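Some notes on the structure that comes next.
The values are calculated or read from the model by the stated rules, or taken from the named source; none is laboratory data. This structure is a prediction, so every number in the text was calculated from the model and none was measured. Here the Cβ positions follow ideal geometry from the backbone for every residue, glycine too, while neighbour counts run over all protein chains shown. Just so you know, the surface numbers come from the protein's heavy atoms only, side chains and all, with ligands and any DNA or RNA stripped out. Shrake-Rupley method; radii C 1.70, N 1.55, O 1.52, S 1.80 Å.
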Amino acid sequence: MNKVRVRYAPSPTGYLHIGGARSALFNYLFAKKNNGDFVLRIEDTDIERNIPGAEESQIKDLEWLGIIADESINKPNPKYAPYRQTEKLDLYRKYAQILIDKGLAYECYCTEEELEKMKEEQLSRGVKSFKYDRHCLNLTEEEKAKYKAEGRKPSIRLKLPANEDLSFNDLVRGPIKFNSNDFGDFVIIKSNGIPTYNFAVVIDDHLMEISHVLRGEEHLSNTPKQLQIYKYFGWEPPKFGHMTIIVNEKGRKLSKRDGSIVQFISQYRELGYLPEAICNFLFLLGFTPKEANREIFSLDEQIKEFDLVNLSKSPSMFDNSKLKWMNGQYIKKIDNNRYLDLVGKYLDKIDYLKDYSKERKEEIALIFKNEITCGSDIINEINAIFDDTLAFNDEELSLLSNSKSTLSVNTFAKNLETISDVNKETINNLLKESQKEIGIKGKDFYMPIRVLLTHKTHGIEMYNIIDILGKEETIKRLSKTND
Ligand code: GLU
């Protein structure tokens with residue numbers, strides 16, 4: 001087999017999305033698994049839709065995730081450069097001319113308005129998908145000159161053969177059937193001289209010696225068009241695999257406007273997610289590991305595990321709570337310095353801690369290392385403890401009003417008055433003794449105290465809560481049941 005060379009080819013029309021990041025990751029894993037190259041190519045030919053800064057941010061976000069390209073605009077291999085499509089427009093025109101010279105492509109002078117009319121006319125005849133009617137296929141030189149004189153600029157269309165089998169064996173889905181009759185002659189170079197995606201991608205994948213194309217399902221219907229171009233040039237196409245769509249919890253295809261899911265990698269970074277947790281989560285989004293129930297995989301383990309046959313054929317559900325859980329698992333495992341780095345900027349946003357020393361802030365932050373699911377969570381966690389203005393909900397009120405609860409809270413508060421040194425040992429002893437004293441144990445005893453102090457039914461150890469609030473504030477809050 002030739003060297004494995006795969007690519008991730010974002011268009012700088014937006015920032016790195018979870019779908020794109022997953023494509024990049026799977027290509028990266030496939031390359032690394034096979035000692036191949038992972039290429040990052042910028043497909044920026046849709047000029048009107050390009051967004052300033054999107055290219056840099058795509059690259060930065062991929063690097064943040066640890067998906068490092070072997071070749072890119074910043075790390076070009078002279079053999080394959082340039083890596084940005086708009087830097088080689090002449091090259092695409094040269095290849096389009098080769099097709100024109102062979103009679104396999106032709107100039108089209110139809111205007112947008114004429115094409116729109118053609119579409120409407122076909123629609124009114126009940127034609128489902130529009131096909132160019134080949135108006136310009138056999139224009140004479142005089143006709144072309146006339147159009148040019150009118151100021152029209154030609155696009156170039158591929159002349160599709162009739163009834164050509166364009167089926168292929170998809171690496172993920174198996175045999176996929178297409179025929180050239182499914183399409184009309186499509187544009188390969190627009191009238192502004194810029195190639196369309198379907199044309200540029202073939203020229204690039206061929207010249208960059210790409211061996212496998214792993215991309216999203218939305219490109220499935222582009223593949224036969226690309227295969228036709230390979231055929232016309234007599235080039236061997238790469239192998240194609242199309243990854244399934246990502247759906248939300250309701251089973252609907254993720255749209256970039258779906259507000260129920262955070263969709264851009266930079267947003268996750270802002271929220272304080274860890275890149276390795278995101279990669280691990282993306283890895284399981286459409287990939288089934290051999291050990292069915294295993295969920296935690298480092299990037300190296302993902303490389304070892306990766307195998308195209310285990311890519312799923314059915315849509316992958318984006319499970320938000322799983323991502324949070326996974327990030328929480330990774331947060332627990334990072335060392336304290338990295339943890340403090342992660343939460344540092346959020347600690348600065350907590351008003352309650354404004355007058356605390358850095359050391360004390362960090363001490364408090366460390367208490368939540370096993371609790372938070374992302375860095376910014378720490379704001380809510382800490383605010384919830386300090387903020388005594390939150391109202392109790394009905395469930396909490398009913399819990400607090402039962403007699404066992406009142407007794408537990410009062411007893412503990414009374415006993416807390418007697419100790420001068422609040423530390424782990426004294427508090428834990430006090431909790432034990434208070435339970436013994438009144439014969440109320442476990443949940444019945446702890447829950448009302450916890451709810452009263454934190455408005456939560458679970459969380460950090462009781463000793464830590466009291467440590468954060470201080471003895472006086474704790475007693476004040478516990479006395480609330482008596483109000
Ligand atoms: N530029 C295309 C996109 O962003 C890449 C498609 C492909 O991988 O061929 O969707």
Exercise. His242 versus (1) within 14 Å of the ligand (Cβ to nearest atom); (2) open to solvent by 10 Å² or more (accessible area, probe 1.4 Å): which is the lone unmet condition?
Worked result: (2)
Exercise. Just checking, how many residues over region 24-34 are assigned to a helix (DSSP H, G or I), away from the ligand (no atom under 11 Å from the Cβ) and not charged (D, E, K, R)?
Worked result: 6
Seminar exercise, completed: All-but-one check, Lys333 against (1) open to solvent by less than 80 Å² (accessible area, probe 1.4 Å); (2) at pLDDT 95 or above, failing number (1)
For this session: Report, by residue number, each residue of region 196-228 that is touching a residue at least 60 places away in the same chain (Cβ under 8 Å) and touching a Lys or Arg at 6+ places or on another chain (Cβ under 8 Å).
Result: Thr196, Asp204, Asp205, Met208, Glu209, Ile210, Ser211, His212, Val213
Exercise. Do we find that Ser129 is open to solvent by less than 40 Å² (accessible area, probe 1.4 Å) and under 40 Å from the mean Cα position of the chain (by Cα) in this structure?
Worked result: no
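Residues of region 174-184 being open to solvent by 10 Å² or more (accessible area, probe 1.4 Å) and polar (S, T, N, Q), which ones?
Answer for region 174-184, where residues must be open to solvent by 10 Å² or more (accessible area, probe 1.4 Å) and polar (S, T, N, Q): Asn179, Asn181.
Being part of a strand (DSSP E or B) and either of a type in the set (S, T, N, Q) or over 25 Å from the mean Cα position of the chain (by Cα) (or both) is the filter here, so list the residues in region 216-243 that pass it. Break it down into steps so the answer makes sense when it comes.
Of all residues in region 216-243, those part of a strand (DSSP E or B) come to 216, 239-243.
Those that are part of a strand (DSSP E or B) and either of a type in the set (S, T, N, Q) or over 25 Å from the mean Cα position of the chain (by Cα) (or both): none in region 216-243.
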For this session: Filter region 35-88 down to residues that are part of a loop (DSSP other than H, G, I, E, B) and among the acidic types (Asp, Glu) and give me whichever is nearest to Lys190 (Cα to Cα).
Result: Asp46
For this session: Give just the number: which of (1) within 13 Å of the ligand (Cβ to nearest atom); (2) closer than 28 Å to Phe283 by Cβ; (3) buried (at least 17 other Cβ atoms within 10 Å of the Cβ) does Thr13 not satisfy?
Result: (3)
For this session: May I ask you to verify whether Ala21 is within 16 Å of the ligand (Cβ to nearest atom), touching a helix residue (DSSP H, G or I) at 6+ places or on another chain (Cβ under 6 Å) and in a helix (DSSP H, G or I)?
Result: yes
Exercise. Considering only residues of region 185-215 that are open to solvent by less than 10 Å² (accessible area, probe 1.4 Å) and in a strand (DSSP E or B), which is nearest to the ligand (Cβ to nearest atom)?
Worked result: Val213
Seminar exercise, completed: Looking across region 298-326 at residues that are assigned to a loop (DSSP other than H, G, I, E, B) and either at positive phi or among the charged types (D, E, K, R) (or both), the single one that is surrounded by the fewest Cβ atoms within 10 Å (Cβ to Cβ) is Lys313
For this session: Pull up region 142-173, narrow it to residues that are open to solvent by 60 Å² or more (accessible area, probe 1.4 Å) and of a type in the set (A, V, I, L, M), then point me to the one that is farthest from Tyr106 (Cα to Cα).
Result: Ala149
Exercise. Which residues, counting only those in region 258-274, are closer than 23 Å to Lys60 by Cα and open to solvent by 20 Å² or more (accessible area, probe 1.4 Å)?
Worked result: Val262, Phe264, Ser266, Gln267, Arg269, Glu270, Leu271
Problem set entry | Identity of the residue in region 1-10, more than 9 Å from the ligand (Cβ to nearest atom) and outside any loop (DSSP other than H, G, I, E, B), that ends up nearest to Phe240 (Cα to Cα) | Val6
Seminar exercise, completed: Every listed condition ((1) under 30 Å from Lys349 (Cα atoms); (2) surrounded by fewer than 21 Cβ atoms within 10 Å (Cβ to Cβ)) holds for Glu295 save (1)
For this session: Kindly indicate whether any position in region 35-48 is within 30 Å of Ile156 (Cβ to Cβ) and more than 14 Å from the ligand (Cβ to nearest atom).
Result: yes
For this session: Select from region 44-72 the residues that are free of Cβ contacts under 8 Å to residues at least 60 places away in the same chain, open to solvent by less than 40 Å² (accessible area, probe 1.4 Å) and among the β-branched types (Val, Ile, Thr) and list them in ascending order.
Result: Ile59
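Report whether or not Ile176 is in contact (Cβ under 8 Å) with a residue 24 or more places away in the chain, within 16 Å of the ligand (Cβ to nearest atom) and β-branched (Val, Ile, Thr). Working first, answer last.
Numbers: in contact (Cβ under 8 Å) with a residue 24 or more places away in the chain: yes; within 16 Å of the ligand (Cβ to nearest atom): yes; β-branched (Val, Ile, Thr): yes.
Criteria met by Ile176.
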